[in-house]
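Asks: Supplied in structure tokens, the structure appears directly below.
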Amino acid sequence: MNFDYTDKVKDMRERLLAFMDQHIYPNEARFFEEISANRAKGNAWVPTAIIEELKPKALAAGLWNLFLPRSPRAPQGLSNLEYAPMCEIMGRVPFAAEVFNCSAPDTGNMETLERYASEPLKDEWLEPLLRGEIRSAFLMTEPEVASSDATNIQCRIERDGNEYVINGRKWWSSGAGDPRCAVYIVMGKTNPEAPRHSQQSMIVVPSNAKGISVLRPLTVFGYDDAPHGHMEVLLENVRVPVENLLLGEGRGFEIAQGRLGPGRIHHCMRSIGAAERAMELMCQRLNSRVAFGKPVSAQSVWHERIADARCRIEMARLLTLKAAYMMDTVGNKVAKAEIAMIKVVAPNMACDVIDMAIQAHGGGGVSGDFPLAYAYASQRTLRLADGPDEVHRQSIAKLELARHMALKTEVEMPITRGF
């Protein structure tokens, strides 16, 4: 495996780093100030002006839609391996990915539409998403069932003539609070009597369809994540044309696996960026503070923590690159173990490194004066998003046990000779 950056990626990476220095870091405080001002006026969900100001600059810099490989509609898209260092850099600041039209859940939804939607649906929804004119949400998780097992999903998608009728309650519908959110991709059951993994389907639903109610925003450790938001959504007798169903009835799990693989690894790439920034802030803080007559960085306990953090960041990065390489070369299905492993490793690593950085900052670490508390809340959430740690660990264990069972069978198989 060769993880060297190509000349194209080297050039793009330098342009992205320069863009971050010029436009993202200097406006980080302004982003949160705008949200606070909107909240004080009674509406935290107004899109921030700074994001909209920076998007044309990112487009002009050729730093746009970098996540989508092999799409004629986004020819600038990179392979997973090429995208990894770019996504890591974006992950250093919570809002940065949106500036480059590379933020979740839009990236996953755009990949889903590119892979599985009809050309008319792509024209209607994918094109404006690629242009950054609208945003989207993915409605899968439900409050009344353990959604870590997606076969539990109760939302119904029932055919009635030339329409499907949708009824269900969803939550953690990321992006549904944004007033620019124009379209949902909804997972629900079309046939409860079908085999377990053939009951579910996915369907494209305009967010302004009659019968949709956005009930409330959900908070993460007190953060409402405005103007993006994670919403609870009620769908009551929502009608959409039959043409809006993706692939066909019973194909929901197939689509989910295609969608979640890239989404999971993008989260992990950003997690590494968040951990790297936490490491930098931690070291700067330790070098600048004096306690008990010497720099805090001279205390041996911090040497251990810094060394451990560096080792774990590097290990997570290498596993991410391996998973990305395999996704590019042998496909998501063959790379499922690597994708599951990094989805466990990266958020746990990032949580621990950010926690160390918080400790190094003392009381400031849990305040809003530094980006660490918000980063920790985001990374802790990722241990649940796109499948909890336990589900991924179970998948890894099953694959490992099956591999050794196959080896055992080969060893024990009697040798026969023909005469």
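Throughout, read-outs are computed from the coordinates displayed, never taken from laboratory work. Every value quoted in this text rests on a predicted model; they were computed, and no experiment measured them. Cβ sites come from the backbone with ideal geometry, for glycine too, and all protein chains shown count toward neighbours.
Asks: Which ordering of Val9, Val353 is given by a fewest-first count of other beta-carbon atoms within 10 Å?
Replies: Ordered by Cβ neighbours within 10 Å, fewest first: Val9, Val353.
Asks: Could you tell me which chymotrypsin sites (Phe, Trp or Tyr not before Pro) in the range 190-256 are loop residues by DSSP with no more than 11 other beta carbons within 10 angstrom of their beta carbon?
Replies: Phe221
Asks: Need the full-extension length gain, Lys8 to Leu399, defined as separation in residues times 0.36 nm minus the C-alpha distance. One decimal, nm.
Replies: Residue separation times 0.36 nm, minus the Cα-Cα distance, leaves 137.2 nm.
Asks: I've got another one for you. So what's the net charge close to Glu232: Lys and Arg +1, Asp and Glu -1, counting the other residues with Cβ under 12 Å from its Cβ?
Replies: +1
Asks: Under a Cβ-only charge scheme (Lys and Arg +1, Asp and Glu -1), can you give me the dipole magnitude of the chain about the Cα centre, in debye to the nearest 20?
Replies: 580
Asks: Here's a follow-up. Counting other C-beta atoms within 10 Å, which of Tyr83, Tyr374 has the fewest, and how do the rest follow?
Replies: Tyr374, Tyr83
Asks: So what's the net charge close to Glu314: Lys and Arg +1, Asp and Glu -1, counting the other residues with Cβ under 12 Å from its Cβ?
Replies: Surrounding charge for Glu314 is +1.
Asks: Another question about this same structure. Residue farthest toward the positive end of the dipole of the chain, with Cβ of Lys/Arg at +1 and Asp/Glu at -1: which of His303, Gln200, Leu215?
Replies: Most positive-ward Cα: His303.
Asks: Next up: How much of the DSSP bridge set in the range 128-189 is antiparallel, in percent, rounded to the nearest 5?
Replies: 45
Asks: Still on this structure, please answer the following. Note down the net charge around Val99, summing +1 for each Lys or Arg and -1 for each Asp or Glu among other residues with Cβ under 9 Å from its Cβ.
Replies: It works out to a net charge of +1.
Asks: Gap in Å between the Cα centre of the range 64-79 and the Cα centre of the range 127-205?
Replies: Comparing the Cα centres of the range 127-205 and the range 64-79, I get a distance of 25 Å.
Asks: Hey, another quick one. Distances over 32 Å make up what percent of all Cα-Cα pairs in the chain?
Replies: The calculated P(r) of the chain puts 39 percent of pairs beyond 32 Å.
Asks: So if I take the centroid of the Cα atoms in the range 240-306 and the same for the range 323-390, what is the distance between those two points in Å?
Replies: The distance from the Cα centre of the range 240-306 to that of the range 323-390 comes to 4 Å.
Asks: Can you list the DSSP H helices in the chain whose Cα atoms extend at least 20 Å along the helix axis and whose mean Kyte-Doolittle hydropathy is 0.0 or higher?
Replies: Those that clear 20 Å and a mean of 0.0 are 336-360.
Asks: Ranking Ile265, Ile396, Ile153 by Cβ neighbours within 10 Å, fewest first, what do you get?
Replies: Lowest to highest Cβ neighbour count: Ile396, Ile153, Ile265.
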